[in-house]
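The block underneath contains the structure these notes are about, expressed in structure tokens.
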Amino acid sequence: PQIKYGEDVISRITYSLDKSVSIPHDSIIQGINLMIKKLCERNHIDIDSIYEMTVVGNTAMHHIFLNINPRSLSVSPFTPVVSNGLDINARELSININTSGKIHILPVISGFVGADTVGVLLATELYKTDEMSLAIDIGTNGELVLGNKKKMVSCSCAAGPALEGGHLIHGIRASTGAIESVFIERDSFETYYKTINNSRPVGICGSGVIDIVAEMLKVGVLDPSGKIIENGNERIRKNEISNHKEFVVEWKEKTDIEKDIVITASDIREIQLAKGAIMTGINILLEKMKITANEIDNLYLAGAFGNYIDVKNAIRIGLIPNITLDKIKPVGNAAGEGAKISLLSNEKRIEENSLIKNIDYIELASEKNFNKEFVKSLKFPEYSN
């Protein structure tokens, strides 16, 4: 329900400063209480029998959930008001579990690497092994941790919503009718796709966006600079209104929106900015650890996004490093898994607070080579079969 106060954390922070943090806070509490009520009804459980609850989320949502003014997250050095794990009485936050119940909020790492990333670390346990691992949670704000039991570095990348379908002409969230996977035939440019629930298409979600860009690179209608190349095929055209180039994924006769579904030159630019931000973060972390991408033993892709993308296509567009596929491990909702681990183990709650002390947070924009790395990361890799 809090989405009406902003689709991303910056918008929600701004709203909280302009109006009041209590407005989105109340909305979140109402939403959580509704979920608790539904879960209890579905499983025939009395609300009073719930005594423990854990919470993870990015730092902005963490603060808003706690009804803490997020002002410090909006100005450099973007310091959280509170970082350590917290145990709070449920009644203090008006959460509808047993009145004596406790809520444990996992710690946060920095202003833009939150408790959800701590959950990912608990789930993957990369902080316990000698192997070098990279955990990536891709969303509007990409969160990265690279390291092992000896040392860990982390950063946050302002990837924007393009990789989730946001800010694209026909981009939508992953819902019924969203194009989720795409294949383009090399010679004819005939486009084949699958939609969620096999419905008539209404737009393109994140995984479909990555596929389309990768396929356009493969068949040569997109060059590494991000330019759409006209070749006489009817699917590649200039928009009559904007005069910008676009590629037609599906003709209006076969869509449910009575319009051609297209990906435009400006969409491509949004995707370049998003994937460029992620890859810049990865490259700077690799440099901090004095290793190359080939020395990564495990690459954990967290979140729903990581579960549904075609990994080969993510490599093809330069979203993730070009390493052997056996090292890449989608781990699903690892943040949620970490929250469950913390819920069931006091030992893990002690671990949480100790592990965040072993993570060095890197403020990317302050790095002297940031601009150079970012410009380099905007280009798509040269395609080879």
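The values are calculated or read from the model by the stated rules, or taken from the named source; none is laboratory data. These figures come from a predicted structure and were not determined experimentally. Don't worry about glycine lacking a Cβ; one is built from the backbone with ideal geometry, like all the others, and counts go over all protein chains shown. What goes into the accessible areas is simple: the full protein's heavy atoms, side chains included, and nothing from ligands, DNA or RNA. Shrake-Rupley method; radii C 1.70, N 1.55, O 1.52, S 1.80 Å.
So the values come out like this:
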{"read-out": "From Ser94, Ser100, Ser156, residue being among the polar types (S, T, N, Q) and at positive phi", "value": "Ser94"}
{"read-out": "Residue match in region 91-102 (condition: more than 22 Å from Met35 (Cα to Cα) and either touching a residue at least 24 places away in the same chain (Cβ under 8 Å) or not acidic (Asp, Glu) (or both))", "value": "no"}
{"read-out": "Boolean, Leu286 is touching an Asp or Glu at 6+ places or on another chain (Cβ under 9 Å) and not acidic (Asp, Glu)", "value": "yes"}
{"read-out": "Of all residues in region 176-212 being under 19 Å from the mean Cα position of the chain (by Cα) and of a type in the set (S, T, N, Q), the one that is least open to solvent (accessible area, probe 1.4 Å)", "value": "Ser207"}
{"read-out": "Residues satisfying the stated conditions in region 35-55, i.e. touching a helix residue (DSSP H, G or I) at 6+ places or on another chain (Cβ under 8 Å), open to solvent by less than 70 Å² (accessible area, probe 1.4 Å) and part of a helix (DSSP H, G or I)", "value": "Ile36, Cys40, Ile47"}
{"read-out": "Single residue of region 163-174 satisfying the filter (assigned to a loop (DSSP other than H, G, I, E, B) and in contact (Cβ under 8 Å) with a residue 40 or more places away in the chain) that is nearest to Ile268 (Cα to Cα)", "value": "Leu168"}
{"read-out": "Tally of residues being among the acidic types (Asp, Glu) and open to solvent by 20 Å² or more (accessible area, probe 1.4 Å) across region 213-230", "value": "2"}
{"read-out": "Spans of strands (runs of 3 or more DSSP E) in region 175-271 with at least 2 residues more than 28 Å from Gly139 (Cβ to Cβ)", "value": "236-238, 245-250"}
{"read-out": "Qualifying residue in region 246-256 (condition: closer than 30 Å to Val113 by Cα, of a type in the set (D, E, K, R) and open to solvent by 20 Å² or more (accessible area, probe 1.4 Å))", "value": "no"}
{"read-out": "Unmet requirement for Asp18, which otherwise passes all of (1) touching a Leu at 6+ places or on another chain (Cβ under 9 Å); (2) open to solvent by 60 Å² or more (accessible area, probe 1.4 Å); (3) at pLDDT below 95", "value": "(1)"}
{"read-out": "Candidates Gly119, Gly114 - the one that is free of Cβ contacts under 8 Å to residues at least 60 places away in the same chain, on the phi < 0 side of the Ramachandran plot, in contact with a Gly (Cβ under 7 Å, 6 or more places away or on another chain) and of a type in the set (Gly, Ala, Ser)", "value": "Gly114"}
{"read-out": "Tally, over region 298-328, of residues that are open to solvent by 70 Å² or more (accessible area, probe 1.4 Å) and under 16 Å from Leu121 (Cα atoms)", "value": "0"}
